[in-house]
Amino acid sequence: MKYIDGFLIPVPKKKLDEYKKLARKAGKIWMEYGALDYVECVADDVKKGKWTSFPQAVKQKDGETVVFSYIIYKSRAHRDRVNKKVMADPRLMAMCDPGNMPFDGKRMMWGGFKSMVDMA
């Protein structure tokens, strides 16, 4: 079964174009090192919930939206090999300066997930 890294990121709406450029560059790096798929999605039909929601999870502020992203790998071992190369790539390091990020990385969340059902 495939392995997925998932991300939730609060992005200021005025910085979405900047984020999209960064995401395209990052996606090219992940794909170059063997990721099966790299997807970035911006909130479209996402409302603040009564108890939980994507906006609440990232402590969304006025003027922000939520980006949901995922990267697909063959397995966790494959993910670990790909990410080791990605994290050592100077192109990615150049994009990761916290002072120049188009989002608040402190409110970003991520995690690795084992596939449970895969209909592809």
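The values are calculated or read from the model by the stated rules, or taken from the named source; none is laboratory data. Note that the structure is a prediction, hence the values are computed from the model and not measured. Glycine also receives a Cβ, built like all others from the backbone with ideal geometry; neighbour counts cover every protein chain displayed.
Going by the structure shown, is residue 63 loosely packed, with under 12 Cβ neighbours inside 10 Å and touching a strand residue (DSSP E or B) at 6+ places or on another chain (Cβ under 7 Å)?
Details: loosely packed, with under 12 Cβ neighbours inside 10 Å: yes; touching a strand residue (DSSP E or B) at 6+ places or on another chain (Cβ under 7 Å): yes.
So residue 63 passes the test.
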Please count how many residues of segment 74-108 are in contact with a Phe, Trp or Tyr (Cβ under 7 Å, 6 or more places away or on another chain), under 23 Å from residue 42 (Cβ atoms) and either among the aromatic types (Phe, Trp, Tyr) or surrounded by fewer than 16 Cβ atoms within 10 Å (Cβ to Cβ) (or both).
1
Six or more apart or on different chains, Cβ atoms under 8 Å: show the pairs whose first residue is in segment 31-50 and under 27 Å from residue 85 (Cα atoms) and whose second is surrounded by 11 or more Cβ atoms within 10 Å (Cβ to Cβ) and of a type in the set (Asp, Glu).
33/89
Hey, residue 82 hits all of (1) in contact with a strand residue (DSSP E or B) (Cβ under 8 Å, 6 or more places away or on another chain); (2) within 16 Å of residue 108 (Cβ to Cβ); (3) of a type in the set (A, V, I, L, M) but one; which does it fall short on?
(2)
Being touching a Gly at 6+ places or on another chain (Cβ under 6 Å) and either polar (S, T, N, Q) or crowded, with 16+ Cβ neighbours inside 10 Å (or both) narrows it down to one residue among 19, 38; which is it?
38
Confirm whether residue 37 is within 30 Å of residue 119 (Cβ to Cβ) and among the acidic types (Asp, Glu).
yes
Note on segment 9-43: residues of a type in the set (Gly, Ala, Ser) and in contact with a strand residue (DSSP E or B) (Cβ under 6 Å, 6 or more places away or on another chain) are 23, 27, 35, 43
With respect to residue 92, is the statement that it is at pLDDT below 95, within 15 Å of the chain's Cα centre (by Cα) and more than 17 Å from residue 11 (Cβ to Cβ) true?
yes
